[in-house]
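One structure is given below, encoded as structure tokens.
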Amino acid sequence: MASQCFDDKPKFVCAQCSTTVALTDELISKAFSGREGRAFLLHSACNVKLGKQEQRQLLTGVHTVADIFCVTCQTRLGWTYLRAVEPSQKYKEGKYLLERERIFKDNAWELDNLDDEDDIPIKD
């Protein structure tokens with residue numbers, strides 16, 4: 001099983017199996033488009049494996065990309081940008097695009113246990 005990195009921090013997890021795939025701190029932009037709608041651009045990802053490298057015509061031009069897959073359940077999560085042809089798109093190189101439909105945000109919140117009835121507010 002893949003390691004659950006960053007358990008105590010807000011993160012993005014695979015929608016299929018809940019494996020951690022990125023910290024929310026790595027988010028660059030929510031204004032990207034994937035194959036199935038909205039997508040997020042991130043600086044890095046974890047617990048993913050790369051698919052075959054290919055050239056793909058995207059909305060912003062031709063890019064060399066590789067699909068990324070969850071290491072636990074093999075779900076395709078998006079892709080990583082390996083090379084951009086257009087100089088204005090070079091900032092994407094080495095970044096990860098995660099499709100919104102393939103991930104969930106886990107805020108890593110913990111609720112306190114209230115063992116004592118006196119700790120519960122009562123409204124009159």
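No value in this document is a laboratory result; all are computed from the given coordinates. Nothing here was measured: the structure is a model prediction, and the numbers come from that model. We place every Cβ from the backbone using ideal geometry, glycine too, and count neighbours over all the protein chains shown.
R0 = 35 Å: FRET efficiency of residue 104 with residue 54, Cβ-based, nearest 0.05?
For R0 = 35 Å, the calculated efficiency reads 0.80.
Dimensions of segment 4-54 along principal axes (Cα, Å, largest first)?
The Cα atoms of segment 4-54 stretch 33, 25, 20 Å along the principal axes, largest first.
Just for the Cα atoms in segment 30-96, what are the lengths along the principal axes, largest first, rounded to whole Å?
Here the Cα extents, ordered largest to smallest, are 35, 23, 19 Å.
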